[in-house]
1. Give the order of Y158, Y80 when sorted by the count of other beta carbons within 10 angstrom, beginning with the fewest.
2. Residues in segment 67-98 near a label at R132, defined as backbone nitrogen under 15 Å from the 7 Å Cα→Cβ point?
3. Just to be sure I follow: if Rg is taken over the C-alpha atoms of the chain and Rh is the Kirkwood radius over the same atoms, what is Rg/Rh?
4. Quick one: Kirkwood hydrodynamic radius for segment 99-208, alpha-carbon pairs, angstrom, one decimal?
5. Rounded to two decimals, what ratio of Rg to Rh does segment 1-120 give with C-alpha atoms and a Kirkwood Rh?
6. Compute and list, largest first, the equivalent-ellipsoid semi-axes of segment 56-142 from the alpha carbon gyration tensor, each √(5λ) rounded to a whole angstrom.
7. G84: net charge of surrounding residues, Cβ under 12 Å, Lys/Arg +1, Asp/Glu -1, itself excluded?
8. How high is the relative contact order of segment 2-205, in percent, counting Cα pairs under 8 Å that sit 6 or more residues apart?
Amino acid sequence: MKVLMIAPPGAGKGTQGVVIAKHFGIPHIATGDLLRSHVSRGTELGRSVEQYLDRGELVPDEVVLTMVREALDSARGGGYVLDGVPRTMEQARALYEIAKELDMTADVALHLKGTDDELVRRLLARATEQGRADDTEDVIRRRLALYYEVTHPILEWYGERGILVSVDAMRPVEEVGQHILTALEVLRQVIDGNPDAPRTAVDLTGLGAAFGASS
Ligand code: AP5
């Protein structure tokens, strides 16, 4: 299973990315985690991106795409959960070319949908526990604004490609995880049965709490 996660800050990309990776036995590749690791280790790359992270701005495409190419190359032949990329249409196109070259284009673009008030609440709550440098209200608002400006529009492209799956991320963690895994398991059967069959976007955001409860 090859999954891209596209969602606003606080929607649960990291939380659910781990769940998906564990379920399918695939690597969870999170660009934010990779960048923060460089910053905390004080590498040259880390020093060059630290200010972007602190301000909630996007780091230059070439930095992210080089990191992602290396990570995908290491996962070659298997699946992956890519969390935090693509964030712009340019990244989406470049990522597609990289994945095509490695013969590992995405099966699913997973969109986690949330409301701004709850997203901000979650990130401010995380700030008190983890103290991430970009979890201040001003920077959270900047990250959200950037999401709507440059990231959200790329969902349409994945919708047209028929690989978009949208899930309501405003439910409890376990319930969101169940919705996601149920949808991905159904898709896995479709993909395994006929990988080249035309697909259509799937919108699960209107489904009730019972969906996936028995899986
Ligand atoms: P990144 O680390 O990707 O940050 P983000 O997109 O702002 O996302 P978050 O990590 O804040 O939220 P999340 O959706 O992962 O939610 P989480 O599961 O953690 O990127 C950081 C920075 O790196 C960017 O600003 C940019 O500078 C740079 N960067 C990264 N990728 C880049 C790219 N491709 N191009 C350019 N720059 C890039 O959950 C959040 C909190 O909510 C947690 O406390 C969690 O416990 C809680 N929570 C989760 N789900 C639920 C739930 N269902 N109910 C209640 N609480 C929940």
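1. Working: Y158 22, Y80 25.
So the residues, fewest neighbours to most, are Y158, Y80.
2. What the label zone holds, given the 15 Å backbone N cut-off, is 83-85.
3. Details: Rg = 16.7 Å, Rh = 17.7 Å.
Ratio value, two decimals: 0.95.
4. Numbers: mean 1/r = 0.0627 Å⁻¹.
Here the Kirkwood hydrodynamic radius works out to 16.0 Å.
5. Numbers: Rg = 14.1 Å, Rh = 14.8 Å.
For segment 1-120, the value is 0.95.
6. Values: eigenvalues 171, 40, 33 Å².
The answer is 29, 14, 13 Å, longest axis first.
7. Details: positive: K13, R36, R87, R143; negative: D33, D83.
For residues surrounding G84, the net value is +2.
8. Values: 289 pairs, mean separation 61.4, N = 204.
That works out to 30 percent.
All of the numbers you see were taken from the coordinates with simple rules; none came from a lab. Computed from a predicted model, the values in this text were never measured in an experiment. Glycine gets a Cβ as well: all are built from the backbone with ideal geometry, and neighbour counts include every protein chain shown.
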